[in-house]
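All remarks here apply to the structure that follows.
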Amino acid sequence: MNPSLLSTVRRPAGARLVLPVVVFLVLALTILTAASRAAGQAPVETYSVYLPAQTVPFFGIGLDLYTTGLEEPVGIVNAGDGRLFALEREGRIRVIDDAGNLLPEPFLDIRDQVRTDFWEQGLLGLAFAPDYAESGRFYVYYSLDGTDDEYPPSRLSRFKVNPDNPNQALSDSEQPLLTVLQPHEQHKAGDLHFGPDGYLYVGLGDGGQEAAAQDTAELRGSILRLDVSTPDGEPYAIPADNPYVNTPGAMGEIWVDGLRNPWRFSFDTRSSVYRRCRLRPVGGDQRCPSGPERSELRLVVYGRLRGARHHF
């Protein structure tokens, strides 16, 4: 990423107390995980660190303007080169070149297919295939318009880039891979990432229905792990080592269940720990440990997260 996109971090005097606490928590997590491995025991499955919302401005982080002209941007993705691809919630993907210029023509425009009645709906996820330079494949997650459903289903689709223009996708190349019906208007999640194993990980919210995250017969309220390296025109495959692939009645696509709304997550590629970090966009009810006054950092170890009803 262009260094000019990064903010300048200044450490005020008051940060001297907070920094050691954060460092201590990270070190404690590392030691506990290492000790469990050395003892040959299954590692503790989850760790949480809750940071007050005022922590961020307290550190005195400054922001530099990189580009302008975006409408409701909800994500920025890199395709392995100097460009950035910005998702606009209404249904466009815009290209920002390595000089910070927003190109006038969108990379992809599917606004006629995307429903945005509620602020948690829209074009919400984008991931480029690990072999994007050769295959031209990329994947998007959005709220599907044009159906008879009261609430728009969530759709995962594959597209391909125009081989004659790297800044433009082939809008007619869409191959729908997964459509998930939704019971309510909120909690769509939608983040997409390829993991170190080459599989596509898909964040699905519970759709506003708490029980879905605790039911492995439901895809909602989970992170899916899919093999999308299948030939064009064929559906995805389910990795044989997914945790529920051999469980009767369970959805084999599920990698992590028990989630409320995994809006954003990422991978720690330097270890075997899968890491999810999310700022809750809605406060929820009083049972939730995070809310409008807190941000949540949660580490998910080895893939399975169970028994934490409505807390994510």
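Only one of Ser154, Ser171, Ser135 is small (Gly, Ala, Ser), farther than 17 Å from Arg83 by Cα and crowded, with 18+ Cβ neighbours inside 10 Å. Can you tell me which?
Working: Ser171 fails: crowded, with 18+ Cβ neighbours inside 10 Å; Ser135 fails: crowded, with 18+ Cβ neighbours inside 10 Å.
Step by step, each of Ser154, Ser171, Ser135 is checked, and only Ser154 is small (Gly, Ala, Ser), farther than 17 Å from Arg83 by Cα and crowded, with 18+ Cβ neighbours inside 10 Å.
Which condition number in (1) under 20 Å from the mean Cα position of the chain (by Cα); (2) modelled with pLDDT under 95 is the one that Asp148 fails?
Answer for Asp148: the failing condition is (1).
Per-residue answers, yes or no, for (1) at pLDDT 95 or above; (2) under 19 Å from Leu156 (Cα atoms); (3) in contact with a Phe, Trp or Tyr (Cβ under 7 Å, 6 or more places away or on another chain):
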site	(1), (2), (3)
Gly80	no, no, yes
Leu84	yes, no, no
Leu87	yes, yes, no
Asp98	no, no, no
Asn101	yes, no, no
Phe107	yes, yes, yes
Thr116	no, yes, no
Ala127	yes, yes, yes
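Name the strands (runs of 3 or more DSSP E) wholly within region 122-227 that hold at least 1 residues that are out of contact with any Lys or Arg (no Cβ under 8 Å at 6 or more places or on another chain) and free of Cβ contacts under 8 Å to residues at least 60 places away in the same chain? It would help to see each step written out before you state the result.
On the way: elements: 123-128, 137-143, 154-162, 165-180, 189-194, 200-204, 222-226.
Output list reads 137-143, 154-162, 165-180, 222-226.
The values are calculated or read from the model by the stated rules, or taken from the named source; none is laboratory data. Keep in mind that what you see is a predicted model, and the values were worked out from it rather than measured. Positions of Cβ are generated from backbone atoms using ideal geometry, with glycine treated the same way; all protein chains shown enter the neighbour counts.
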